[in-house]
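Undergrad: My structure is below; once you've seen it, I'll send some questions.
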Amino acid sequence: MNDFAHLLDRLAYEPRRNAKLRLLGDYFARTPDPERGYALAAMTGALSFSEAKPALIRGLVEERVDPELFRLSHNYVGDLAETAALIWPAPSPPPSAGEGQRDGSEGGDGRALSGNGAPLSRPLLTQGLPSPAEGRGNGAGIGHNNPPPEVPTLAAVVETLATIPKRELPGHLAGWLDALDETGRWALLKLVTGNLRVGVSARLAKTAVGALGEHPADAIEQVWHGLEPPYESLFAWVEGRGERPETLNPAPFRPPMLSHPIEEEADLEKLEPEAFSAEWKWDGIRVQLAGGRDRAGRQVARVYSRTGEDITGAFPDLAEAITFEGALDGELLILREGRVQSFNVLQQRLNRKAVTGKLLDEFPAHVRAYDLLAADGEDLREKPFAERRAALDAFVAGLDHARIDLSPVVPFADWAALAAARADPASAGAGADADAIEGVMLKRLNSPYLPGRPKGPWWKWKREPYRVDAVMMYAQRGHGKRSSYYSDYTFGVWREAPEGGEELVPVGKAYHGFTDAELIKLDRYVRNHTVKRFGPVREVAYGREAGLVLEIAFEGVQRSTRHKSGVAMRFPRVGRIRWDKPPAEADHIDVLERVLARGEREVAPGGGPAPEEETA
């Protein structure tokens, strides 16, 4: 575990891609199975532990450290895992003779007694913790007959977390924290809380694995979604010790091809319009529909998310439409009477564990297809996009199913014509669906379907974002490299107060969009203008005369009962810092209500959190 932890530590502070690849390659080459497989799983997001909540970690630390000292330390450091790793004390040695032994010389609360019967200042740290060999402590501390606890392997940690009952988690976690060094404790806590962000993408980790046997990252992507941690068959293949892993799933997920955002001035002048096809970028969720036959000849239908998660159970209405053998790439939307509904409406179908008949009737799912990856046993991904698109047209026409249709091609003669269509989709053929369009996609006609995000073949050219001037109200420290800076800002706009006058009401939170130099200035502003503290959160001075205005760029607004303002912004980020603008001139909530009215086909009940990432 410590080796893995120190790898993460070096990766977190290494800015160069090739240097990160060397670090990863060296680790994978010298680390045996299954340790390296679980490390790969951790860095690619394939591990999930739901029981290690922050409250549990705080509780374990506060059993060993003064709670006020821990609170102040956490407020200073800003990151829970880092604070706990730094402040976690070494295991206490056993009491010497005459100072109270565990054989009856303890108080009723479990604390050891001193020679005069007074309780020691805190409980023995090892009481109730697992021993290295047995997973259960006997209360003995480190001494001549009790060596320091054995450092756990990453494999032991992962496999234990996957099998132990919830009630045993605190003991195991505390035992591991006792055994690990400071960096190991940090990595362990990041791992179990799901916050393992060290600047390594899943693609980069897979590239490093492929390099062990001179396999490109695309080759790793092709087999990835049929594998499970610790990936021993994958390592055997890349190192030439085994056959290429093959999936037994008759309807497998194919890793998606992603696009790059286009920079109008820098990119368009380098591209030739006649080399590209254009289509609308829909405001939905990217999915993949896959169908096949099992060994008994029965139809198998799968609906996958953009990341390969099987979401078939949440969309039985789409599964019924998968009567084919092949794979479609498309956008999940809600269609009513032929019209695409807003993302706010679509969210009523997302992340549902139970799907009722009423939900299916009120929010009918639909897929607008834009690529064909496989058909009738043939893999089409190596064919150029122009051929795949022609095959898609015929394939969807042959399906003749109301749940699946084609994403139309947007004709254009030059970039000026496409820019006009992007700015006004309604006049370019989108009609009543114009408000459900985020922009246009550009796909090179000769491009094969490559997993990952290759630069050049596909581009997304989004419509100009909405913008609003808002006032900073609260700030919180970030994570990782930003854990020492106040980089997460809650902002608000004006609305009429119940008692008269106007008040600021929070409408969103942004933590990117500014440069490193601007972050330093914003952090200094927060520290110099803090008026209240609520744990890790600082309230800054705000009002009509005092406050900092931020220009917030965002992609849309949706209804939300979870926010005091009644609205939630999608993809908010800091566009500009308006040092020059008085807070009294910040925008009113009416601005957001107008945006909402423009894109809202129907006010769906509830509403939920805005998505965190793009779909194309």
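Read the figures in this text as sums done on the coordinates, not as results from a lab. Nothing here was measured: the structure is a model prediction, and the numbers come from that model. In this analysis, Cβ positions are derived from the backbone assuming ideal geometry, glycine residues included, and neighbour counts consider all displayed protein chains.
Undergrad: Report the calculated FRET efficiency for residue 386 and residue 499 (r = Cβ-Cβ distance, R0 = 56 Å), to the nearest 0.05.
TA: Efficiency for this residue pair is about 0.30.
Undergrad: Starting from the Cα-Cα distance between residue 29 and residue 13, subtract it from 0.36 nm times their residue separation and give me the gain in nm to one decimal.
TA: Additional length available on full extension: 3.6 nm.
Undergrad: Tell me what the chain gives for mean residue ellipticity at 222 nm when only DSSP H runs of n ≥ 4 count, each as -39,500 (n - 2.57), the sum divided by the residue total, rounded to 500 deg cm²/dmol.
TA: It lands at -8500 deg cm²/dmol.
Undergrad: With charges set only on the Cβ (+1 for Lys and Arg, -1 for Asp and Glu), what does the dipole of region 260-462 come to about its Cα centre, in debye to the nearest 20? Walk me through the numbers on the way to the answer.
TA: Details: 27 positive and 34 negative charges, 150 e Å.
So the magnitude is around 720 debye.
Undergrad: May I pose another question? Run the numbers for residue 195 and residue 399: contour at 0.36 nm per residue of separation, minus the present Cα-Cα distance, in nm.
TA: Taking 0.36 nm per residue and subtracting the Cα distance, the gain is 69.1 nm.
Undergrad: Over region 400-549, what relative contact order in percent results from Cα pairs under 8 Å that are six or more residues apart?
TA: After rounding, I find 16 percent.
Undergrad: Something else about it: Kindly put 444, 302, 544 in sequence by how many other C-beta atoms sit within 10 Å of each C-beta, fewest to most.
TA: Ordered by Cβ neighbours within 10 Å, fewest first: 544, 444, 302.
Undergrad: Now for a separate question. Gain in length, residue 323 to residue 521, computed as 0.36 nm per residue apart minus the alpha-carbon separation, to one decimal in nm?
TA: 65.5 nm
Undergrad: Set the Förster radius R0 to 56 Å, insert the Cβ-Cβ distance between residue 66 and residue 271 as r into 1/(1 + (r/R0)^6), and round the FRET efficiency to 0.05.
TA: 0.35
Undergrad: Which of 562, 185, 467 comes first, and how do the rest follow, when ranked by fewest Cβ neighbours within 10 Å?
TA: In order of increasing Cβ crowding within 10 Å: 562, 467, 185.
Undergrad: Would you mind calculating the relative contact order of the chain from Cα pairs under 8 angstrom and at least 6 residues apart, reporting the percent as a whole number?
TA: Computed value for the chain: 12 percent relative contact order.
Undergrad: Set the Förster distance to 41 Å, then compute FRET efficiency between residue 588 and residue 48 from the Cβ-Cβ distance, nearest 0.05.
TA: Result of the calculation: an efficiency of 0.45.
Undergrad: How do 209, 505 rank when sorted from fewest to most other Cβ atoms within 10 Å of their own Cβ?
TA: Details: 209 25, 505 18.
Least crowded to most crowded, the residues run 505, 209.
Undergrad: Taking a threshold of 26 Å on the Cα-Cα distance, which of the pairs 20/190; 462/564; 270/460; 532/564 fall above it?
TA: Beyond 26 Å between Cα atoms: 462/564.
Undergrad: Given the options 483, 201, 287, identify the residue whose Cα lies farthest towards the positive end of the charge dipole of the chain (+1 on Cβ of Lys, Arg; -1 on Cβ of Asp, Glu).
TA: Toward the positive end, the furthest listed residue is 483.
Undergrad: Once semi-axes √(5λ) of the Cα gyration tensor in Å is worked out from the coordinates, which option in [x] 47, 35, 23; [y] 82, 27, 24; [z] 53, 29, 19 does it equal?
TA: Working out semi-axes √(5λ) of the Cα gyration tensor in Å from the coordinates points to [x].
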